[in-house]
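Read-outs: derived from the displayed coordinates by stated rules, not from any lab. As the structure is a computational prediction, the values presented were derived from the model and not from experiment.
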Amino acid sequence: MAEDSEKIGQSKVSGSVTRTGYSFDTITLARGSVSECRAVLEQRVLRTPELYLNRPFVLDISAVDDLSAIDYPALCDLGREFGMFLLGLSGATTEERAQALTSKGIPVVNSSRFARMREENLKPKIITRTVEVKVPVEVETIREVQVPVKVRESAPMMVIRRNVRSGESIQAPGNSIAIFGSVGNGARVIASYNIFVFGDLMGEVYAGSPRDNGDPGAPDSFIYTEGCFNPTFVAIAGNYQTADDIENDPLGRAVSEDQRETLAYLTGHTLRYCQARDFSKIISITERP
């Protein structure tokens, strides 16, 4: 028996952990009470219970002020009473609210992490500079003074000639990146400027990413995908969409019908998608004011 246990412990694990874009129902609450949730379920679910049987759902508590009043076990029991499964709570758009829930063993679901990320990106950043001046200053003659100036030189584009696998993170600070391969589900690619994927895109891509706290990012950046365009997360200069957001976006749905040669770019703070069948469309994006 000891030898069998040792063999089982040394066996190779075949499972994996990946990020996905699953869809589920969302119920928005204003007070977070069980009675409020029951009223919504009775109004919606009881009309067509067969459509909701054994479906997962989450509760959006972004409008709930008092999180301590949420009775999560009772809400789970209420969901089972109506034949549904409660996965957790969404809408925790600050780190404090998220910790208040997770400290009580309540799962925080789906895009709340990205919402908190966007909140951090939109916070005003204050840059201070201290200059020491001595007075009076005596100048005998006019002299040329050399002031050291730090100039950022653009490095060549980073090129990856292989597939980027699940769990792998590729970063190109201060550069664009070209990947001659596919980006797998669960992989992450981050660049300060543009991202080219000459293969399928199924992971996370961050273009125009800020290089430091004083850098707002590059909103003129774009993401080009030659193959299948099915990412779990897309971001340009801190503006993002999850897989669910893209699926519910009319332009995202138009792209999914013909998923090759896709261009993602930014208009204001909104992500847009189009079919880039020739490079003139890419050039027009990079040269726009």
Worksheet item: For segment 160-274, what is the convex hull volume of its Cα atoms per residue in Å³?
Response: 83
Worksheet item: How much length is gained if the chain between Thr26 and Glu247 is pulled fully straight, taking 0.36 nm per residue apart and subtracting their Cα-Cα distance, in nm to one decimal?
Response: 78.0 nm
Worksheet entry | 18 Å tail of the calculated P(r), segment 173-226, as % of Cα pairs | 27
